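Below you'll find the structure, written out as structure tokens, and then a few comments.
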């Protein structure tokens, strides 16, 4: 065993598995209390209290919810495709877990599972896979309302993935790499905007003039990719009973929402990696623990924004949703790629 442990490949694989298990356990805990946070925030927005009965301040509400879902009866439609019916909820969760393997949550290599030179491409691939869980759930249920919800999701995600992918190209041009670790490293340090020596800003993507519009496009498409209001058309309870998960119950029903909240955390992590310097921030060079503080603060602010938007804006009509994606976001993202390329070409080698 000692000789086996001395092999570098075995050490690397073992350490990666340990980090994956830690991330998985932390993610499950964070998701539980992210749902609690959303219920409390929406309660505040709507002038009501939110969960406040189970435990102090309602802090044990997530545990009560899990126990309730575990004890609920599981119903499977008689004519459903049972194999795919069981697999679909797992497909909704799997891509989010895989994506976290390439997100740098701190200095490399300790706080990233694996640094591959196509990390951003892996994120785009996994986000594309997410639609399969929803679409197959709708189809396998043998329910026309669920099928319509799944088809809506397919059209919506395909439409908005194009704009999301194009919005990341200026970031790739800036970093010269698809590695998320390299993209974060290029945003370290400070710069003087417009050559003004008395003003210093963090070298984050959001402060670069040619990356502001890509950030806006990425943020809008992120809501559509995670099926969050005002882009939650795959569910659309008022029109489709409950959308793609109409026939699901118990923990299989819960897995879809577990996947939704996991995807929220992943896409917020990608957003701060691409546009907000990842774990970089003031004082990280003097106080090593500050990288964790900055990462968590940025992640919390982004998640709060998702929750705030959901309980503020009304749902779009489906034709508005598709028209906005194809007629506004896609052309804007294409134009911005050209602008960013010309901007960086004008600056010369960097």
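The values are calculated or read from the model by the stated rules, or taken from the named source; none is laboratory data. On a predicted model such as this, the values are computed, not experimentally measured, just so you know. Heads up, the Cβs are rebuilt from the backbone with ideal geometry, glycines too, and the neighbour counts pull from every protein chain shown.
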**Report entry** Members of region 302-320 that are more than 19 Å from the chain's Cα centre (by Cα) and either surrounded by 14 or more Cβ atoms within 10 Å (Cβ to Cβ) or not assigned by TED's automatic domain parsing to the domain that holds residue 217 (or both)
**Finding:** 315, 316, 318
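Identify the residue in region 183-214 that is within 20 Å of the chain's Cα centre (by Cα) and touching a residue at least 40 places away in the same chain (Cβ under 8 Å) and, among all such residues, is nearest to residue 112 (Cα to Cα). Give the derivation first.
Here is the first cut: in region 183-214, the ones within 20 Å of the chain's Cα centre (by Cα) are 183-184, 204-206, 211-214.
So of that shortlist, the ones also touching a residue at least 40 places away in the same chain (Cβ under 8 Å) come out as 183-184, 204-206, 211, 213-214.
On the way: 183: 13, 184: 12, 204: 20, 205: 21, 206: 23, 211: 25, 213: 28, 214: 25 Å.
Applying the filter and picking the extreme gives 184.
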**Report entry** Set 287, 321, 316: member being touching a helix residue (DSSP H, G or I) at 6+ places or on another chain (Cβ under 9 Å) and without any contact (Cβ under 8 Å) to a residue 24 or more places away in the chain
**Finding:** 287
Requested in this report: Give just the number: which of (1) in contact (Cβ under 8 Å) with a residue 40 or more places away in the chain; (2) surrounded by fewer than 21 Cβ atoms within 10 Å (Cβ to Cβ); (3) in contact with a helix residue (DSSP H, G or I) (Cβ under 6 Å, 6 or more places away or on another chain); (4) part of a helix (DSSP H, G or I) does residue 299 not satisfy?
Outcome: (1)
Query raised in the report: Hey, does region 12-19 have a residue that's modelled with pLDDT of 80 or more and assigned to a helix (DSSP H, G or I)?
Result: no
Query raised in the report: Name the residues in region 84-112 that are free of Cβ contacts under 8 Å to residues at least 40 places away in the same chain and farther than 16 Å from residue 260 by Cα, would you?
Result: 109, 110
Report task. Can you work out which of the residues in region 189-214 that are surrounded by 12 or more Cβ atoms within 10 Å (Cβ to Cβ) and out of contact with any strand residue (DSSP E or B) (no Cβ under 9 Å at 6 or more places or on another chain) is modelled with the lowest pLDDT? Result -> 210
Report task. Check 136, 148, 121 and return the single one that is closer than 17 Å to residue 103 by Cα and either part of a helix (DSSP H, G or I) or assigned by TED's automatic domain parsing to the domain that holds residue 102 (or both). Result -> 121
Query raised in the report: Are there any pairs, at least 6 apart or on different chains, whose C-beta atoms fall under 6 Å, with the first in region 35-61 and touching a residue at least 40 places away in the same chain (Cβ under 8 Å) and the second part of a helix (DSSP H, G or I), and if so, which?
Result: 38/307; 41/307
Requested in this report: Of all residues in region 321-345, count the ones that are over 23 Å from the mean Cα position of the chain (by Cα) and more than 14 Å from residue 170 (Cβ to Cβ).
Outcome: 3
